[in-house]
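**Student:** One structure coming up, written as structure tokens, with questions to follow.
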Amino acid sequence: MLSLIILPSQSAFGWGGGGGSGGGGGMTPKSSATTIFFPYTIAASDGQIFVVVPGDSKVKGYQYSSPGIIYDRNGNLVTEFGSLGAKDGQFQKPKGIDVSEDKIFVADSSNYRIQVFDLDGNFLFKFGSKGKLDGQFDCPQDIKFYKNQIYVVDSDNHRIQIFDIDGNFISKFGSEGKGDGELKKPYKFDIYDDKIFIVEPFVSRVQVFDLAGNFLFNFGSEGSDNGELKYPQDIVVWKEKIFVTDLGNNRIQIFDIDGNFVTMLSSNVIHEKFERPHSIAISDNKIFVADSPVYHVQIFEASDTLGQKNVQPEETSIPDWIKNNAGWWAEDQIGDSDFVKGIEYMIQKGIIKIEKVQTTVESSDSIPPWIKNNAGWWSKGLISDNEFIKGIEYLVKSKIIKV
């Protein structure tokens, strides 16, 4: 298993601000200060994983390699493009992405359009505008290129729109509702073997259509048992298996091609326990899972995830990302509040037996220097987990961290 570690952004997360000047097309080289705040949607192709980052109004590309490599905290950033605005090559809340036929297709959600780039991030063309007419969008969420046609999830219009390779409208299907064949804010989708698999978070189900938009079947209902879903976010179909990011249940479920539950990411796979997994992609026999709240993308060998029935992921003790956070906090690369998020996670999961922790600290001066020293030593393996946890319990008992 590989772990692509992604730090929180050093700037505040927000959608507002000016549009900037000039277009956003064209990639820029890796900068040591560049980080990802919120990996929203991912697409993988030919040794790179492309990550949509709405808070930065960017698409970022990372290189991945052979099994066993642990990526550095900047995630081996190779390329990035985009900026906040409405000009060609700029984005406002970019959401979906697909990489196909040497092009990058991006659903530029709050600009109500689709933008298309070459693999170097240079702007090629765009199509779409705000509205309900054919070829118009209201919150386009996802995009796929399949058999020389472009398919777009037009979420707030509760439909799928289909375009030719140049962005000219061809057809559409879907209407608002929760019945069979109706759509309620469709979110992400995949196309496999001439079938369209659509995730509906607000209905906790997956619906399947043919390419003409005829309803075939659906599966899933709200719940936490095997095969049930709670606010599912993304879907990918690979080798007759359907992978669904079951965000509300903090897991990845795997179904057969008819929607019958098969397994979850197998307990024989070493990985950090998922925390609200948001997006998934498969390429080069690898599975990529974007776990947005903990700022990273995990990478698995796909062949390691199948073959067991009704498998629940194993509980882990202290995830690696908390140890990374502790090291960065000790070096003053992240603030107290980011460090406390890791503490809250351990308390919620019962690693530290405290009822509840607020994600605030009275002041940075309130934390004794020896706690920060401990964090740094623990991140380097110089002290044990128990010794580190004793320091955290001290903060709670001393009311430096409020519970």
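Every number here is computed from the coordinates shown, using simple stated rules; none is lab data. Worth saying up front: this structure is predicted, and the values here are computed from it rather than measured. Methodologically, a virtual Cβ is constructed for each residue, glycine included, from the backbone with ideal geometry; neighbour enumeration extends over all protein chains shown.
**Student:** Quick one: 3J(HN,Hα) in Hz for segment 47-59, Karplus 6.51/-1.76/1.60 with θ = phi - 60°, rounded, Gly and Pro as x.
**Tutor:** Per residue, the Karplus-derived 3J(HN,Hα) values read x, 10, 10, 9, 10, 7, 10, x, x, 9, 6, 9, 10 Hz.
**Student:** Sequence-distant or interchain residues sharing an amide H contact under 5 Å with E80, placed H: which?
**Tutor:** T28, G61
**Student:** Taking amide H atoms as placed 1.01 Å from N in the peptide plane, list the residues 5 or more away in sequence, or in a different chain, whose amide H sits under 5 Å from that of I97.
**Tutor:** Hits under the 5 Å cutoff: A107, I143.
**Student:** Using all alpha carbons of segment 203-283, what is the percent of pairwise distances in each 10 Å bin, ordered from the shortest bin to the longest?
**Tutor:** Cα pair-distance distribution for segment 203-283, in percent: 18, 53, 25, 4, 0.
**Student:** Over all distinct alpha-carbon pairs, what is the Kirkwood Rh of segment 193-245 in angstrom? Before the final figure, lay out each step's value.
**Tutor:** Numbers: mean 1/r = 0.0877 Å⁻¹.
About 11.4 Å for segment 193-245.
**Student:** Right, another one. Take peptides 333-341, 199-207 and line them up by average Cβ neighbours within 10 Å, highest first, as a rough protection proxy. Spell out each step's value before the answer.
**Tutor:** Numbers: 333-341: 17.2, 199-207: 21.0.
Per-residue Cβ counts within 10 Å, averaged per peptide and sorted highest first, yield 199-207, 333-341.
**Student:** Still on this structure, please answer the following. Can you give the local net charge around D190? Use residues other than it whose beta-carbon is closer than 11 angstrom to its beta-carbon, Lys and Arg +1, Asp and Glu -1.
**Tutor:** -1
**Student:** What does the charge count near V99 come to, summing +1 for each Lys or Arg and -1 for each Asp or Glu among other residues with Cβ under 12 Å from its Cβ? Each step should come with its number before you reach the end.
**Tutor:** On the way: positive: K103, K144; negative: D46, D98, E101, D102, D118.
Charge balance in the 12 Å sphere: -3.
**Student:** Using the Karplus equation 6.51 cos²θ - 1.76 cosθ + 1.60 (θ = phi - 60°), what ³J(HN,Hα) coupling, rounded to whole Hz, does each residue of segment 229-236 give in order, writing x for Gly and Pro?
**Tutor:** 10, 9, 6, x, 10, 9, 8, 9
**Student:** Tell me which residues come under 5 Å, amide H to amide H, from I150 once H is placed; ignore anything under 5 positions away on its chain.
**Tutor:** Placed amide hydrogens put F163, D164 under 5 Å from I150.
**Student:** Which net charge results for the neighbourhood of S110, defined as the other residues with beta-carbon distances under 12 angstrom from its beta-carbon, given Lys and Arg at +1 and Asp and Glu at -1? Could the numbers behind the result be given before it?
**Tutor:** Numbers: positive: K93, K95, R113, K130; negative: D108, D138, D156.
Once all neighbours under 12 Å are counted, the net charge is +1.
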